[in-house]
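Every number in this text was worked out from the coordinates using simple rules, so none of it is lab data. Treat the numbers as computed from the prediction; the structure is a model and nothing was measured. Cβ placement follows ideal geometry from the backbone for every residue including glycine, while neighbour counts extend to all protein chains displayed.
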Amino acid sequence: MDCNNGNIDLHIHSTASDGTLTPVEILAMARSLKLAAIAITDHDTIDGAKELLANGIPSDIQFLTGVEISASWPSNFPRTGSLHILGYGIKLNDHLLNQTLDALQKARKNRNPQIIKRLNSFGLDISMDDIIQEAGTDGQIGRPHIAQVMIKKGFAASINEVFEAYLGTGRPAYVDKYRVECSRAIEIICASGGIPVLAHPVLMQMESREHLEKFVVTLTEMGLKGIEVYYPEHTPENTAFYQTIAKKNGLMMTGGSDFHGSLKPTIKMGSGKGSLSVPYSLFEKLISAIQ
């Protein structure tokens with residue numbers, strides 16, 4: 001395969017976080033789709049990337065280590081919920097990175113029983129044993145797994161319905177969690193040899209394009225190196241605007257499907273909702289920057 005003519009997907013989640021395919025299954029699917037390069041970017045864990053590297057990467061596809069860190073919003077841009085910072089080309093044995101991710105994992109684990117308690121208070125018969133059985137024992141447990149159990153028990157018809165009614169930010173069963181300060185997340189990624197990238201800017205729902213650009217400038221001053229320009233929810237107008245911001249601020253451009261397997265059945269690896277196409281040249285620029 002000529003990699004220079006291939007597409008890439010640099011935003012994929014495995015069973016190490018809230019995806020439904022194992023890292024090995026992800027690799028097999030990526031090869032069947034003839035993707036030129038992939039990155040596993042699990043939420044607050046690098047276990048998926050470690051597992052895939054331990055199994056070996058065949059010569060017909062490139063692999064980039066990655067992570068998606070849950071960060072808090074800068075004080076001059078106060079928001080609830082997490083700000084997601086992607087890290088590419090990170091050293092998986094970096095002590096500070098692993099220490100930080102361990103703290104985030106502990107925060108996720110401690111949050112789950114509190115969510116279950118709130119759901120129980122609304123008369124919903126759901127337990128941690130139900131969630132553990134749904135998620136398995138290999139990966140982290142989070143709200144998507146709770147949502148899947150709720151659907152199976154007939155409490156809702158879809159993931160979106162669960163989050164809208166119960167688990168989304170500000171909803172009745174929502175429980176906040178510990179997050180790394182935004183500047184610290186960027187610093188930790190850089191210290192581990194990686195490239196920090198702002199994930200899916202459209203999902204931040206900024207008040208205006210001017211506000212978003214000011215936000216990107218703020219993160220760039222903190223050490224941000226890239227922005228996720230190509231994403232399934234980005235319209236052509238969004239993509240063009242993010243390209244402009246990236247060029248204006250000297251940021252690298254990345255892209256990916258945010259693939260979660262059956263958890264998000266409308267999102268396909270490599271192509272998103274069908275029209276996503278992330279060029280291999282972006283991967284080459286990332287590799288050059290990392291080296």
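Please give, to one decimal in nm, the separation of the simple spin-label points placed at I57 and S127, each 7 Å out from Cα toward the Cβ.
Spacing of the two 7 Å Cα→Cβ label points: 4.3 nm.
Among the listed pairs K34/K247; K50/K109; K50/K273; K109/K177; K225/K247; K225/K264, give every one whose C-alpha distance is greater than 19 Å.
Working: K34/K247 29 Å; K50/K109 21 Å; K50/K273 28 Å; K109/K177 10 Å; K225/K247 11 Å; K225/K264 28 Å.
In this structure, K34/K247; K50/K109; K50/K273; K225/K264 exceed 19 Å between Cα atoms.
Would you mind classifying region 179-229 by shape? Square roots of the alpha carbon gyration tensor eigenvalues, ordered a ≥ b ≥ c; an a/c under 1.5 is rounded, otherwise it is prolate if a/b is larger than b/c and oblate if not. Numbers along the way, then the final one.
Working: a/c = 2.03, a/b = 1.93, b/c = 1.05.
Taking the square roots of the gyration eigenvalues as a ≥ b ≥ c, region 179-229 is prolate.
Once you list every other residue whose beta carbon is under 10 Å from the beta carbon of D258, what net charge do they have if Lys and Arg are +1 and Asp and Glu are -1? Walk me through the intermediate numbers first.
On the way: positive: K264; negative: D9, E68, E228, E233.
Spelling it out: positives minus negatives among the neighbours equals -3.
What's the longest piece of the chain with no exposed GluC sites (Glu not before Pro), counting a site as exposed if DSSP puts it in a loop and it has at most 14 other beta carbons within 10 Å?
On the way: sites that count: E207, E233.
Longest gap between qualifying sites, sites excluded: 1-206.
Would you calculate, for the chain, the mean residue ellipticity at 222 nm contributed by helices, counting each DSSP H stretch of 4 or more residues as -39,500 (n - 2.57) and dividing by all residues, to the nearest 500? All intermediate terms of the calculation are to be shown ahead of the outcome.
On the way: 10 runs with 116 residues, N = 291.
That calculation yields -12500 deg cm²/dmol at 222 nm.
DSSP loop (so not H, G, I, E, B), at most 12 other Cβ within 10 Å: list which trypsin sites (Lys or Arg not before Pro) in region 140-228 pass both filters. Spell out each step's value before the answer.
Numbers: sites: K152, K153, K177, R179, R184, R209, K214, K225; in loops: K153, K177, R179, K225.
Passing sites in region 140-228 are K153.
Could you check what % of the DSSP bridge pairs in the chain are antiparallel, to the nearest 5?
On the way: 12 of 29 bridges.
Among the beta bridges of the chain, antiparallel pairing accounts for roughly 40 percent.
In whole Hz, with x marking every Gly and Pro, tabulate ³J(HN,Hα) for region 70-75 from phi via Karplus 6.51 cos²θ - 1.76 cosθ + 1.60, θ = phi - 60°.
7, 10, 8, 6, x, 4
Can you tell me the length gained on complete extension of the stretch H95 to E25, counting 0.36 nm per residue apart and subtracting the Cα distance? Don't jump to the answer; show the numbers that get you there.
Details: separation 70, 0.36 × 70 = 25.20 nm, distance 2.81 nm.
Separation in residues times 0.36 nm, less the Cα-Cα distance, equals 22.4 nm.
Determine, for H260, H211, the number of other Cβ atoms within 10 Å of each Cβ, and report the residues in order from fewest to most.
Details: H260 20, H211 12.
Listing H260, H211 from fewest to most nearby Cβ atoms yields H211, H260.
For the residues I132, I85, I116, what sequence is obtained by ranking on other C-beta atoms within 10 Å, fewest first?
Working: I132 14, I85 24, I116 21.
Exposure proxy ranking, most exposed first: I132, I116, I85.
Could you please rank T254, T15, T266, T244, placing first whichever residue has the fewest other Cβ atoms within 10 Å of its Cβ?
Values: T254 31, T15 23, T266 8, T244 13.
Least to most surrounded, the residues fall as T266, T244, T15, T254.
Show the residues, 5+ positions off or on another chain, whose built amide H is closer than 5 Å to the amide H of E181.
Hits under the 5 Å cutoff: S72.
Under 10 Å, Cα contacts only: if you run a Gaussian network model on the chain, which one of A240, A39, A135 comes out with the highest mean-square fluctuation?
A240
Which residues' amide hydrogens lie under 5 Å from the amide hydrogen of L21, considering only partners 5 or more residues apart or on another chain, with H built in the peptide plane?
T15
As an exercise, identify the trypsin sites (Lys or Arg not before Pro) in region 1-54 lying in DSSP coil whose Cβ has no more than 14 other Cβ atoms within 10 Å. Please report the intermediate quantities before stating the final value.
Values: sites: R31, K34, K50; in loops: K34.
Sites meeting the loop and neighbour criteria: K34.
Only residues of region 191-224 count here: report those whose backbone N is under 20 Å from the spot 7 Å along Cα→Cβ of R171, or say none.
Those under the cut-off are 203-205.
What number, in percent, do you get for the relative contact order of the chain if the mean sequence gap of Cα pairs under 8 Å and at least 6 apart is divided by its residue count?
Numbers: 534 pairs, mean separation 66.7, N = 291.
Contact order relative to length: 23 percent.
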